[in-house]
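Undergrad: Supplied in structure tokens, the structure appears directly below.
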Amino acid sequence: MAFTPDDRRFMAQAVALAKKGQYSVKPNPCVGCVIVQRNQIIAEGWHEKAGEPHAEVRALKQAGKAAKKSTVYVTLEPCSHYGKTPPCADALIEADVSRVIIVMQDPNPLVAGQGVEKLRAAGIDVSVGLLEEESANLNKAFAYKMLTGKPYVMSKIAMSLDGKTAMESGESQWITGTAAREDVHRLRAQSDIVLTGVGTVLADNPKLTARDGLGDLRVQQPQRVVLDSNLKIPNDAAVLSSDAHTTILTCSKNQQAISALEAKGCNVVTIVADENNQVDLQAVYGWLCTLPINSVMIEAGALLNGACLQAGMVDELIVYMAPSVLGSDAGGAFSMPTVTRLDDKIQLNYEQMDTLGNDIKLIYSVKKEV
């Protein structure tokens with residue numbers, strides 16, 4: 001069945017509702033739902049928090065008996081299995097809805113299509129794919145984790161027009177303007193983990209928390225992860241504040257330093273060392289893959305940025321470019337071996353550009369070998 005302009009309008013509202021959960025629902029996906037009778041919205045719902053009612057259930061509760069023979073617009077295939085909540089497909093069947101329109105099938109290959117199959121077996125008309133391309137970024141990290149078993153890794157870089165990220169002295173606050181920095185806080189809030197290196201901690205002393213437009217801490221904070229091979233992090237570092245949980249990844253066996261960090265509430269994880277006696281990045285990536293998370297944002301200096309990119313960890317580069325020039329002695333974005341052949345270059349694919357105040361935001365996906 002072809003989608004009508006009204007179908008698109010109602011689904012656009014469901015997508016807008018789904019976005020309301022983008023700062024609170026992780027690691028679950030963002031989902032919105034709209035229930036329509038006689039071309040009028042009679043109920044709405046969105047998934048707010050993991051473990052709480054899903055979007056469809058909230059909308060059905062609001063609609064009550066009026067949901068019978070209605071059309072339901074939902075941004076993700078209704079679940080068909082028992083988890084922390086009962087199956088949404090069963091709730092839709094019990095409510096006796098007549099039609100369900102879905103943006104995208106569940107990306108989990110173990111359950112993909114089962115919700116649709118259950119609804120159709122109950123005699124419900126089901127259509128999939130409305131606004132799928134327009135909504136591709138809604139649950140990008142969730143879909144990536146379901147398909148690959150790995151978190152989606154973004155590397156955020158603030159740079160000048162000449163590609164510099166820090167002064168020769170190491171100073172890097174603030175290259176970009178207020179609008180760009182507020183956007184970074186939104187990205188942090190949407191991420192499960194913000195990862196940095198001890199070099200950035202020593203140079204900038206960042207908190208790496210997520211704050212709203214008023215400067216207040218958001219309800220749900222990303223976990224902060226610091227790579228610190230030799231446990232150089234100061235005991236009074238801002239990243240050790242109680243505003244959010246912090247994990248230190250190290251290859252040091254300094255029990256006194258470990259105990260001091262644990263006394264501050266930090267989780268200290270020992271990671272195998274590489275040939276340079278630094279935490280091995282492949283081991284770090286392996287550790288990240290064991291966690292119940294979907295996304296990681298790297299906020300670091302040139303050394304860690306370059307190492308992560310070269311190690312194949314990075315899926316996306318988010319570049320904030322300021323209208324300024326810092327000069328040839330300032331620090332670059334990536335510290336890594338020079339490519340001697342063009343065939344060996346790291347290839348990026350342009351995805352998006354936005355203007356934030358006087359700054360430009362560029363998003364590139366990293367082309368990886370299959």
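Each reported figure results from applying straightforward, stated rules to the coordinates on display, with no laboratory input. Every value quoted in this text rests on a predicted model; they were computed, and no experiment measured them. When we count neighbours, we look across all protein chains shown, and the Cβ atoms used for this are built from the backbone with ideal geometry, even at glycine.
Undergrad: Please sort 175-186, 273-284 by packing, taking for each peptide the average over its residues of neighbouring beta carbons within 10 angstrom, highest first.
TA: Most protected by this proxy first, the peptides run 175-186, 273-284.
Undergrad: For the chain, what is the mean residue ellipticity at 222 nm derived from helices alone (per DSSP H run of n ≥ 4: -39500 (n - 2.57); sum divided by total residues; nearest 500 deg cm²/dmol)? Kindly include the intermediate steps, with their values, before the conclusion.
TA: Details: 10 runs with 94 residues, N = 370.
Theoretical 222 nm ellipticity from helices: -7500 deg cm²/dmol.
Undergrad: Pulled fully out, how much extra length does the chain show between H245 and L202, if you take 0.36 nm times their separation in residues and subtract their Cα-Cα distance?
TA: On the way: separation 43, 0.36 × 43 = 15.48 nm, distance 1.88 nm.
Stretched fully, the H245-L202 segment lengthens by 13.6 nm.
Undergrad: Under the rule of at least 5 residues apart or a separate chain, name every residue whose amide H is placed under 5 Å from the amide H of R211.
TA: Amide H neighbours of R211, under 5 Å, 5+ apart: R218.
Undergrad: State the extension gain, in nm to one decimal, for the chain segment bounded by A238 and C289, taking 0.36 nm per residue of separation less the distance between their alpha-carbons. Can you show the working numbers first?
TA: Details: separation 51, 0.36 × 51 = 18.36 nm, distance 2.65 nm.
Taking 0.36 nm per residue and subtracting the Cα distance, the gain is 15.7 nm.
Undergrad: Using the 10 angstrom Cβ neighbour count as an exposure proxy, how do S365, S295, S229 rank, fewest first?
TA: Sorted ascending by nearby Cβ count, the order is S365, S229, S295.
Undergrad: Taking 8 Å as the Cα distance limit and 6 or more residues as the minimum spacing, I'd like the relative contact order of segment 77-169 as a percentage.
TA: Dividing the mean separation by the residue count of segment 77-169 yields 24 percent.
Undergrad: Counting Lys and Arg as +1 and Asp and Glu as -1, each charge on the Cβ, what is the dipole of the chain about the Cα centre in debye, to the nearest 20?
TA: Details: 36 positive and 42 negative charges, 205 e Å.
Once rounded to the nearest 20, the dipole reads 980 debye.
Undergrad: Now, a different point. To the nearest whole percent, what portion of all C-alpha pairs in the chain is separated by more than 31 angstrom?
TA: Result for the distance tail: 43 percent.
Undergrad: Sort segment 5-141 into rounded, prolate or oblate with this rule: let a ≥ b ≥ c be the square roots of the eigenvalues of the Cα gyration tensor; rounded if a/c is under 1.5, and if a/c is not under 1.5, prolate when a/b is larger than b/c, oblate otherwise.
TA: Values: a/c = 1.28, a/b = 1.15, b/c = 1.11.
The shape class here is rounded.
Undergrad: If you average the sequence gap of Cα pairs under 8 Å that are 6 or more apart and divide by the length of segment 150-366, what percent do you get for the contact order?
TA: Reported relative contact order: 31 percent.
Undergrad: Which order results if E52, E94 are arranged by neighbouring Cβ count within 10 Å, fewest first?
TA: E94, E52
Undergrad: Once you put a point 7 Å from the Cα of L342 and another 7 Å from the Cα of Q255, both along the Cβ direction, what distance in nm separates them?
TA: Roughly 5.8 nm, to one decimal.
Undergrad: Once R0 is set to 22 Å, what does the formula 1/(1 + (r/R0)^6) return for the Cβ-Cβ distance between K20 and T148, expressed as a FRET efficiency to the nearest 0.05?
TA: Working: r = 27 Å, r/R0 = 1.23.
For R0 = 22 Å, the calculated efficiency reads 0.20.
Undergrad: What pairs from K140/K207; K20/K232; K49/K140; K19/K61 go past 29 Å between their alpha carbons?
TA: K20/K232
Undergrad: At A273 and Y82, where each label point lies 7 Å from the Cα along Cα→Cβ, what is the point-to-point distance in nanometres?
TA: 5.1
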